[in-house]
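The values are calculated or read from the model by the stated rules, or taken from the named source; none is laboratory data. Computed from a predicted structure; not experimentally measured. Neighbour counts run over all protein chains shown; Cβ positions are idealised from the backbone, glycine included. For the accessible areas, the whole protein counts, side chains as well, though only heavy atoms, and no ligand, DNA or RNA atoms are used. Shrake-Rupley method; radii C 1.70, N 1.55, O 1.52, S 1.80 Å.
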Amino acid sequence: MGDDRVVDALFARVATKAARDRPPRGVTAAEVAEAERSLGFSLPPMLVRLYTDVANGGFGPAYHVLPLVGDGRTAVSSYHHERRISWPAQVLPLLDWGCGMYAAADCRDPDVPVLLFEPNGIEDDWHHAWYVDADSLTHWLETWLAETGWYGEEPSDDIEMAQWEAARERLAE
C-alpha cells in the first residue's frame with residue numbers, strides 16, 4: 001500500500017472510532033482559513049484533514065480533541081490564551097489532559113509531531129515541560145486506536161518520552 005492509501009486507511013479507522021463519540025461535523029475550508037488567519041500560521045495538511053474529514057474535535061484519547069473553532073473553548077482560543085502566558089510559537093493545543101497538561105501539535109513540522117506539555121513541578125524553565133509524545137500526528141492517532149499510548153487502557157511498558165529539543169528556541173519567539 002502506498003503512503004496515501006495508508007493514510008486514507010488510518011483516517012477511515014479514526015473516523016469510525018470517532019463516530020462512536022458522536023463528535024460535531026468537520027470544519028469547512030472557510031473555517032480552516034479563518035482559524036489560520038487568527039493563528040497567524042498555516043495548519044499542516046494532516047491536521048486540516050483531521051478537523052475537516054473526521055470532526056471538529058470531540059473524539060480521541062481520554063478528554064477528547066479540542067474543537068478547532070466554534071463556541072466556547074477551542075484549539076484556536078487555547079493557543080491565544082496560552083501564548084500570552086508562555087507557549088511556543090506554532091504549537092497548537094490539541095487536547096487538555098487536565099492539571100495544566102496538554103497534547104499539542106507542532107504545526108511547523110510537516111510530520112506534525114504531537115507534544116506533551118507537562119508543567120507540574122516546573123516553576124520557571126518552561127522548556128523543561130515539553131516532551132515528544134509521538135513523532136507524527138499519524139503515529140499519535142495509531143497509538144490512540146491501539147490503546148497503547150501512555151494514557152491508554154493497555155499502555156506499552158517501554159514508553160519513555162524525550163524532551164522536545166526545540167522548546168527553548170520556540171518559547172523565545
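Annotations
- Among Tyr63, Tyr102, Tyr51: highest mean-square fluctuation, GNM of the chain, C-alpha pairs under 10 Å: Tyr63
- Each stretch of four or more DSSP H residues adds -39500 (n - 2.57); spread over every residue of the chain, this sum gives -10000 deg cm²/dmol at 222 nm.
- Mean-square fluctuations from a GNM of the chain, with a 10 angstrom spring cutoff on Cα atoms, peak among Gly121, Gly149, Gly40 at Gly121.
- Taking the stretch 41-173 and dividing mean pair separation by its residue count, relative contact order in percent (alpha carbons under 8 Å, at least six apart): 18 percent
- Estimated distance in nm for a label pair at Arg22 and Arg5, the labels positioned 7 Å out from Cα along Cα-to-Cβ: 3.7 nm
- Cα-based radius of gyration for the chain, normalised by 2.2 N^0.38 Å, reads 0.98.
- Cut-off under 5 Å, modelled amide H: who pairs with Leu94 long-range: Ala103, Ala104, Ala105
- Solvent-accessible area per residue in the chain equals 52 Å², computed with a 1.4 angstrom probe and all protein chains kept.
- Distance between the pseudo-spin-label points of His80 and Trp150 (7 Å out from Cα toward the beta carbon): 3.0 nm.
- Here is the size of the stretch 1-77 from its Cα atoms: Rg then Dmax, 12.7, 40 Å.
- Hypothetical label at Ser42: residues of the stretch 1-33 whose amide nitrogen lies under 14 Å (7 Å Cα-Cβ projection): 33
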